[in-house]
1. By count of other Cβ within 10 Å, fewest leading, how are 184, 134, 341 ordered?
2. Mind listing the long-range amide H neighbours of residue 53? Cut-off is under 5 Å, sequence gap 5 or more, other chains count too, H placed in the peptide plane at 1.01 Å from N.
3. For a quick check: with amide H placed at 1.01 Å from N, whose amide H comes under 5 Å from residue 78's, ignoring anything fewer than 5 positions away on the same chain?
4. Through the Karplus equation 6.51 cos²θ - 1.76 cosθ + 1.60, θ set to phi - 60°, convert the phi angles of region 298-315 into ³J(HN,Hα) values in whole Hz; use x for Gly and Pro.
5. For region 109-116, what does the Karplus curve 6.51 cos²θ - 1.76 cosθ + 1.60, with θ = phi - 60°, yield as ³J(HN,Hα) per residue in whole Hz, taken in order and with x for Gly and Pro?
6. Could you work out how much longer the chain between residue 141 and residue 62 gets when fully extended? Use 0.36 nm per residue separation minus the Cα distance between them, nm to one decimal.
7. Using 0.36 nm per residue, how much length does the chain from residue 117 to residue 163 gain when fully extended, once their Cα-Cα distance is taken away?
8. Pull out the extension gain between residue 38 and residue 336, defined as 0.36 nm times the separation in residues minus the alpha carbon to alpha carbon distance; nm, one decimal.
Amino acid sequence: MSQSESTSMTTPHDRFFRFLLGHPQRARDFIRHFLPNDLVPLLDLDTLHLEHTSFVDPDLRSHQGDLLFRVQLTKGEDLYLYFLFEHKSYPDPHVVWQLLRYLVRIWEQQWRDEGRLAPILPVVLYHGERPWGKQVDLASLLNAPSQIRAYMPQIPYLLYDLNTYEDFQLHGDVMLVAGLLLMKYIQRPELRDRLGQIGALMREVLISSSGIEAAVALLRYLTEAGRHVSEADVRQVVEALPQGGVIMATLAQKWLEQGMQQGLQQGLQQGLQQGLQQGLQQGLREGLLQGIVTLLTERLSPTDEWLDATVERLKTVEDTRQLQQLLLVAAQVTQCEDFEKSLEELLNEG
């Protein structure tokens, strides 16, 4: 499955992981600072190339993501680096079994495409609430005497449990450090206490080559996955940034695009039966609705009852131009009552 095909099914954790380490320069930085010192000199990191393919099973994408890189060794041979991101809140002892399946799939593709096999270095990145603890090898999962297990595959892998790193041990360029720090705390109650530190790194990101796009990615991950912080906490971080207004507008656009993509997919499916043009129009409307609901949910933290009632009223708005107006309102208001008032005025105009 291509990366573009799998992206629509990713979680906020997987999406941010892909943004952070899917960038070749940040991937090089991670390799330089975190891989064992005896391995890094063997790699010609100028040749590092991202392969746009995912090998994770569809039923596991809710808590796993992956990236595959090809790099040349200093002697010219190819090596693959396979990053598997585990974003469960607890460690999975069966990850070694899953790794074996993914490695075999990579080798099968190599054999089909090139008629040869290259070595693969498996890397597991984990940020769950519980420490990973002892690594489990494949042989230990098998019910067999030790004499038999000695002949079974071991599948060793490099493990990076962010729980085991002190904050000062997270190295690399400012975006990599900010991203790893946010990933470390995103599922933990201590996240709120780290917002000042994360906000300071965001300010550095804004003046670095990463710029607004990277700052928006950090903020989007914080708002979508940081369940231990409130909308007021996030707003305080944004307001302290030198380009807070631009960042908030860009973030709103990202939410809109996400909603539009989901809506267009639904609309196009209907278009197969009802006509392409009708399907596209329906997709536009569904995308706007999804964008409004996302903004309301992430920015205002409404009650379920209020949100359900509001969604039912939004569904009565047929004009996409009116929905576009409401999208802008949802990106600006600070209280549910303000949005409700604007919606009431629009419905009365209709």
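FYI, it's all coordinate maths here, none of it is from the lab. This one's a predicted model, so the numbers in the text were calculated from it and none came from an experiment. Methodologically, a virtual Cβ is constructed for each residue, glycine included, from the backbone with ideal geometry; neighbour enumeration extends over all protein chains shown.
1. Going from sparsest to densest Cβ surroundings: 134, 341, 184.
2. Residues meeting the criterion, in which the H sits 1.01 Å from N, are 3, 68.
3. It is 73, by chain and number.
4. 6, 8, 10, 6, x, 6, 4, 5, 5, 5, 4, 5, 5, 4, 4, 6, 4, 5
5. Those phi angles translate into 5, 4, 5, 5, 7, 10, x, 8 Hz.
6. Contour length minus Cα-Cα distance gives 26.1 nm.
7. Working it through step by step, the gained length comes to 13.1 nm.
8. Extra length from residue 38 to residue 336 when fully extended: 101.6 nm.
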